[in-house]
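Undergrad: If you scroll down you'll find the structure; I have some questions about it.
Bear in mind that the values in this text are calculations on the coordinates, not laboratory data. Note that the coordinates shown come from a computational prediction; the quantities given were computed from them, not determined experimentally. Cβ atoms come from the backbone with ideal geometry, glycine included; neighbour counts cover every protein chain shown.
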C-alpha cells in the first residue's frame with residue numbers, strides 16, 4: 001500500500017518587509033541582505049493574524065486540493081516552535097479544535113527547521129501502522145511558526161532571515177488516492193554533542209525562576225550553525241542510503257543562500273537540480289520550508305525532468321531529516 005502526499009497549501013504573514021528596509025534599519029549597504037542570505041523580502045504576521053487560524057485555513061485548502069472531506073481526516077500532526085499563544089496545548093490539538101474535529105489523533109512532533117520533515121516521518125510511520133491493521137487513514141500535517149515572536153529585532157544574525165507562516169500537507173494510505181507524491185523513505189537523526197544548544201530558545205519559566213526579567217529570545221551562534229550546516233551532507237547521504245543524486249531534484253531547508261549552494265558540489269548535482277526560490281521569495285520559514293518548495297514545484301516546471309524528490313532539512317537541536325518522494 002502506497003503512502004502519498006496528495007494536497008499542499010500554505011499561509012504567510014501578510015506584512016511584507018523588503019530587504020532594503022532591513023538594510024536601512026541596520027545601516028548596511030544596499031544589497032547586503034540579499035548578497036549574504038539570498039533574502040529579498042520577509043513575511044511577518046499582521047494585525048489580527050495568528051498561527052493557529054492560518055494553520056486551520058491552510059489545512060482546509062490542502063484538503064480541498066487533495067479532494068478530501070474534513071470528515072475523512074483521522075488526525076493532525078504538527079511541528080512548531082513555542083510561538084503560538086500557549087506553550088501548552090501545542091499546535092496540533094489547537095488546529096483540531098479550530099477545525100471542529102474530535103476523537104482524532106493530535107500530535108506535535110519536533111521543532112525547528114527539521115521539525116516539519118520529522119513530523120512527516122511520524123505521520124508516515126503511523127500510516128504504516130494503520131496499513132498493517134488494514135485501516136485507511138488520512139492525516140493533515142501542519143508545520144510553521146510565528147517566529148518573529150522569538151526574534152530580537154536588533155539582532156543582525158536573525159532579524160534578516162526569518163518569516164512567519166504555515167504549510168499544510170495531506171498524507172494518506174488510501175489505495176484510491178492518485179497524484180501528488182509517493183513517500184518512499186523518511187528518516188532523521190540528532191547530531192547531538194556538546195553543541196546541541198547552538199540554536200536555543202530559553203524557557204521563560206526557568207528564566208523567571210532564575211530571577212531574569214528580560215525577554216526570552218532566539219539565540220544563534222552563527223559560526224557554529226554554519227559549520228553544522230556544511231557538515232550535514234554526509235549524514236544526508238547516510239540517511240537516504242544513496243550517494244548518487246543524479247536523478248533527484250533537491251529541496252533543502254531554505255536556511256540561507258550560502259548554505260544551500262554548498263550542497264551543489266557536495267551532492268555533485270547541477271544548479272538546476274536545487275530549489276532556492278524559497279529563501280529569495282519568502283525567507284527562512286523554519287519547518288515549513290521544504291513543503292513550501294514542494295508545493296511550488298507542483299505548480300511550476302522546476303522539477304519536471306526528475307522522477308524523485310529529496311527533501312532535506314537541518315537546524316535547531318542539530319537535527320537532520322530527509323524524505324525521498326517519487327511521482
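Undergrad: Sequence gap at least 6, Cα distance under 8 Å: using those rules, report the relative contact order of the range 4-181 to the nearest whole percent.
TA: Relative CO of the range 4-181 lands at 34 percent.
Undergrad: Right, here's the next one. Suppose only helical runs count, i.e. DSSP H with n ≥ 4. What mean residue ellipticity at 222 nm does that imply for the chain under -39500 (n - 2.57) per run, divided by all residues and rounded to the nearest 500 deg cm²/dmol?
TA: Using -39500 (n - 2.57) per qualifying helix, the result is -10000 deg cm²/dmol.
Undergrad: Right, next: Can you give the alpha-carbon Rg of the range 183-326 over 2.2 N^0.38 Å, where N counts its residues?
TA: Ratio of Cα Rg to 2.2 N^0.38 Å: 1.15.
Undergrad: At a 10 angstrom cut-off on C-beta neighbours, averaged per residue, how do the peptides 70-76, 317-323, 281-287 rank from highest to lowest?
TA: With the highest mean Cβ count within 10 Å placed first, the list reads 281-287, 317-323, 70-76.
Undergrad: How many percent of Cα pairs in the range 4-181 exceed 24 Å?
TA: 41
Undergrad: Quick one: Cα centre-to-centre distance for the range 144-211 and the range 23-54, in angstrom?
TA: 18
Undergrad: Can you tell me which of 233-246, 89-102, 3-16 comes out highest on packing, and rank the rest after it, using the mean Cβ neighbours within 10 Å?
TA: Top of the packing list down: 3-16, 89-102, 233-246.
Undergrad: Can you pull the percent of Cα pairs in the range 134-246 with separation above 17 Å?
TA: So the pairs more than 17 Å apart make up 73 percent of the total in the range 134-246.
Undergrad: Once each part is reduced to its C-alpha centroid, what is the distance from the range 56-79 to the range 256-275 in angstrom?
TA: Result: 32 Å between the Cα centres.
Undergrad: Could you tell me, in Å, what Rg and Dmax come out for the Cα atoms of the range 103-188?
TA: So, for the range 103-188, Rg and Dmax equal 16.3, 54 Å respectively.
Undergrad: So for each of 112-125, 53-66, 301-314 I average, over its residues, the number of other beta carbons within 10 Å; can you give me the resulting order with the highest mean first? Before the final figure, lay out each step's value.
TA: On the way: 112-125: 26.5, 53-66: 21.4, 301-314: 19.8.
Order by mean packing, descending: 112-125, 53-66, 301-314.
Undergrad: Please compute, for the alpha-carbon atoms of the range 107-156, the extent along each of the three principal axes and give them in descending order in Å.
TA: Here the Cα extents, ordered largest to smallest, are 54, 14, 12 Å.
Undergrad: State, as an integer percentage, the relative contact order of the range 183-326 based on alpha-carbon contacts under 8 Å between residues 6 or more apart.
TA: 38
Undergrad: Report the per residue volume, in Å³, of the convex hull enclosing the C-alpha atoms of the chain. Mind showing how you got there, number by number?
TA: On the way: hull volume 45.7 nm³, N = 327.
In the chain, the Cα convex hull volume per residue is 140 Å³.
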